[in-house]
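Chemist: Pasting a structure here, questions to come.
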Amino acid sequence: MQRVVSVVAHLGFRLQALPPALCRPLSCAQDVLRRTPLYDFHLAHGGKMVAFAGWSLPVQYRDSHTDSHLHTRQHCSLFDVSHMLQTKIFGSDRVKLMESLVVGDIAELRPNQGTLSLFTNEAGGILDDLIVTNTSEGHLYVVSNAGCWEKDLALMQDKVRELQNQGRDVGLEVLDNALLALQGPTAAQVLQASVADDLKKLPFMTSAVMEVFGVSGCRVTRCGYTGEDGVEISVPAAGAVHLATALLKNPEVRLAGLAARDSLRLEAGLCLYGNDIDEHTTPVEGSLSWTLGKRRRAAMDFPGAKVIVPQLKGKVQRRRVGLMCEGAPMRAHSPILNMEGTKIGTVTSGCPSPSLKKNVAMGYVPCEYSRPGTMLLVEVRRKQQIAVVSKMPFVPTNYYTLK
């Protein structure tokens, strides 16, 4: 979901690079960067800080990128994602507001159930991806990307004003909570020791407010950006360091940064906004048709529906696919060619997979080349190598469901 970073060759790894304006060494602008409540905590634990989307965030700690990635897959890791935009939409017309902006069926969400959805424009392009939770406290809890903070907030605020001018009951509040992601197969076991609630009753994409390690008012949501079981904990800023410190006392838990987060999400086949999806990509092209609510498809009442809905039954010119290859890693912007050597698409994200010991990537190709098993060529460092269209996720996901 969130743009994550590849930076700094001196760290001994390379992931795809983001625009310099979004990610640069701290020395460039450390006096203007925003800091999460865990900034000093990161420094004290050896965090290598980088500038990312206007924030100072850890890209890595003392563990290597590969060790951190694999620890998350085998145990669990703690990520600081407090840079994400957290908002509360309240009032009796809160669902009307959200459904005027996103493609999902928000009205059908049960209490404390959430869903991944998309902000779209009238041309069908994706403005951002976000998670919307229908809380039992009478408001919608929304988490969207830091890289789209100003755009998303303006979009929601403008709609609030529009509906208020029509006499509708709706409002918006930006939350200043920290947001911690505990991700990995032992995450629930670790967290269970600190909460009274039975986490076995909290399946994937559900949420509950509870006390965690003595910090009251924490919203725990069973979700994440790694493909593993795990939670995201929205915690009052004053309790963030206490909570992180308490979690880290468990030997199962290690700190992880943006680098591991990026390779984990890529193995899980999850999109990176700004790379894999953007305002020029429709949900159908981005292989995200499943985010379109059935009722919303029939009503065609979301932004861009006149473009998006016909694509569901018709053909689109291109689709997002997974790619695997050996040899040099595929990177964002690497050209994709057919076996005759004609350029047909572009890689949008790519990295070596620590779990598979192969190179994985996402990119866009014409529909006739999108079938898994299709052999293609990718140009890396001016050399062509064979890549195979592959099903995603590359690594099986381990989300906790009650099935």
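The values are calculated or read from the model by the stated rules, or taken from the named source; none is laboratory data. Small disclaimer: the values here were computed from a predicted structure and weren't measured. When we count neighbours, we look across all protein chains shown, and the Cβ atoms used for this are built from the backbone with ideal geometry, even at glycine. SASA here: full protein model, heavy atoms, side chains in, ligands and nucleic acids out. Shrake-Rupley method; radii C 1.70, N 1.55, O 1.52, S 1.80 Å.
Chemist: When a/c is below 1.5 the answer is rounded, else prolate if a/b is larger than b/c, else oblate, so apply that to the stretch 317-395 with a ≥ b ≥ c taken from the square roots of the Cα gyration tensor eigenvalues.
Modeler: Values: a/c = 1.66, a/b = 1.19, b/c = 1.40.
Oblate, because a/c is 1.5 or more while a/b does not exceed b/c.
Chemist: Taking a probe of 1.4 Å, how large is the accessible area per residue of the chain, in Å²? All intermediate terms of the calculation are to be shown ahead of the outcome.
Modeler: On the way: 16750 Å² over 403 residues.
It amounts to 42 Å² per residue over the chain.
Chemist: Still on this model: Say we join alpha carbon atoms closer than 10 Å with springs in a Gaussian network model of the chain; which of G167, G363, G239 then has the biggest fluctuation?
Modeler: G167
Chemist: For the chain, list log₁₀ I(q)/I(0) at each q in 0.09 Å⁻¹, using the Debye formula over Cα point scatterers of equal strength and ignoring solvent, two decimals each.
Modeler: -0.53
Chemist: OK, next. Of the beta bridges DSSP finds with both residues in the chain, what % are antiparallel, to the nearest 5?
Modeler: 95 percent
Chemist: While we're on this one: Could you work out Rg/(2.2 N^0.38 Å) for the stretch 222-288, with Rg from alpha carbons only? Kindly include the intermediate steps, with their values, before the conclusion.
Modeler: On the way: Rg = 15.6 Å, N = 67, 2.2 N^0.38 = 10.9 Å.
Normalised by 2.2 N^0.38 Å, the Cα Rg of the stretch 222-288 equals 1.43.
Chemist: Taking the stretch 252-340 as the region of interest, what is the percent of Cα-Cα pairs per 10 angstrom bin, listed from the shortest bin to the one with the maximum distance?
Modeler: Whole-percent P(r) values from 0 Å outward: 12, 37, 29, 17, 5.
Chemist: I would also like to ask the following. Which order do peptides 76-87, 273-284, 209-220, 191-202 fall in by mean Cβ count within 10 Å, highest first? Show your work: numbers first, answer last.
Modeler: Working: 76-87: 24.3, 273-284: 20.2, 209-220: 18.0, 191-202: 14.4.
Taking the mean over residues of other Cβ atoms within 10 Å, the ranking is 76-87, 273-284, 209-220, 191-202.
Chemist: Could you give the size of the charge dipole of the chain about its Cα centre, using +1 on the Cβ of each K and R and -1 on the Cβ of each D and E, expressed in debye and rounded to the nearest 20?
Modeler: Values: 44 positive and 38 negative charges, 223 e Å.
In total the dipole reaches around 1080 debye.
Chemist: Simple spin-label model, 7 Å along Cα-to-Cβ: E150 to T397 in nm?
Modeler: Reported label-point gap for E150 and T397 is 3.3 nm.
Chemist: Now, a different point. Where the accessible area of the stretch 317-395 is counted over protein heavy atoms with a 1.4 Å probe, how much of it, in %, is carbon and sulfur? Before the final figure, lay out each step's value.
Modeler: On the way: 1950 of 3880 Å².
That fraction is 50 percent.
Chemist: Between D198 and M339, what is 0.36 nm times their sequence separation minus the Cα-Cα distance? Round to one decimal in nm.
Modeler: On the way: separation 141, 0.36 × 141 = 50.76 nm, distance 5.37 nm.
Working it through step by step, the gained length comes to 45.4 nm.
Chemist: If you place +1 on the Cβ of every Lys and Arg and -1 on the Cβ of every Asp and Glu, how big does the dipole about the Cα centre of the stretch 317-395 come out, in debye to the nearest 20? Before the final figure, lay out the partial values.
Modeler: Working: 12 positive and 4 negative charges, 35 e Å.
Its charge dipole is roughly 160 debye.
Chemist: Moving on. When the chain is modelled as a GNM with alpha-carbon springs shorter than 10 Å, which of K315, K294, K383 fluctuates the most?
Modeler: K383
Chemist: Can you tell me the FRET efficiency between E211 and Q113 if r is taken as the Cβ-Cβ distance and R0 is 22 Å, rounded to the nearest 0.05?
Modeler: Values: r = 22 Å, r/R0 = 0.99.
FRET efficiency, E211 to Q113: 0.50.
Chemist: If one puts a single equal scatterer on every Cα of the stretch 61-127 and applies the Debye formula without solvent, what log₁₀ I(q)/I(0) results at q = 0.19, 0.20, 0.21 Å⁻¹?
Modeler: Here log10 of I(q) over I(0) equals -0.87, -0.90, -0.94.
Chemist: Given the options G322, G341, G286, state which has the largest fluctuation in a GNM of the chain using a 10 Å cut-off (strictly under) for Cα springs.
Modeler: Judging by the Gaussian network model, the answer is G341.
Chemist: Which whole number in µm²/s is D for the stretch 100-160 by Stokes-Einstein, with the Kirkwood Rh taken over Cα pairs at 4 °C and 1.567 mPa s? Don't jump to the answer; show the numbers that get you there.
Modeler: Details: Rh = 12.1 Å.
Answer, rounded: 107 µm²/s.
Chemist: While we're on this one: What is the projected area of the convex hull of the Cα atoms of the stretch 291-358, averaged over all directions, in nm²? Provide the component values of the computation, followed by the final result.
Modeler: Working: hull surface 28.2 nm².
Dividing the Cα hull surface by four gives the mean projection, 7.0 nm².
Chemist: Nothing charged except the Cβ atoms of Lys and Arg (+1) and of Asp and Glu (-1): what's the magnitude of the dipole of the stretch 100-190 about its Cα centre? Round to the nearest 20 debye. Mind showing how you got there, number by number?
Modeler: Working: 5 positive and 13 negative charges, 24 e Å.
My answer is approximately 120 debye.
Chemist: Okay, next question. Counting other Cβ atoms within 10 Å, keep those with at most 15, restrict to DSSP loop, and tell me which GluC sites (Glu not before Pro) in the stretch 317-371 are left. Present the calculation step by step, with values, prior to reporting the outcome.
Modeler: Details: sites: E326, E340, E368; in loops: E326, E340.
Here the GluC sites (Glu not before Pro) that fit, given the DSSP loop and packing criteria, are E326, E340.
Chemist: In addition: Count neighbours as other Cβ atoms within 10 Å of each site's Cβ, and list the trypsin sites (Lys or Arg not before Pro) in the stretch 48-143 that are DSSP loop with at most 14 such neighbours. Write down the numbers at each step before the final one.
Modeler: Details: sites: K48, R62, R73, K88, R94, K96; in loops: R62.
Within the stretch 48-143, the qualifying trypsin sites (Lys or Arg not before Pro) (loop, at most 14 other Cβ atoms within 10 Å) are R62.
Chemist: If you take the charge dipole of the stretch 274-403 about its Cα centre, with +1 on Lys and Arg Cβ and -1 on Asp and Glu Cβ, which of Q311, L337, N359 is farthest toward its positive end?
Modeler: Highest projection toward the positive end goes to Q311.
Chemist: Over all directions, what mean area does the Cα convex hull of the stretch 80-224 project, stated in square nanometres?
Modeler: Working: hull surface 36.1 nm².
That works out to 9.0 nm².
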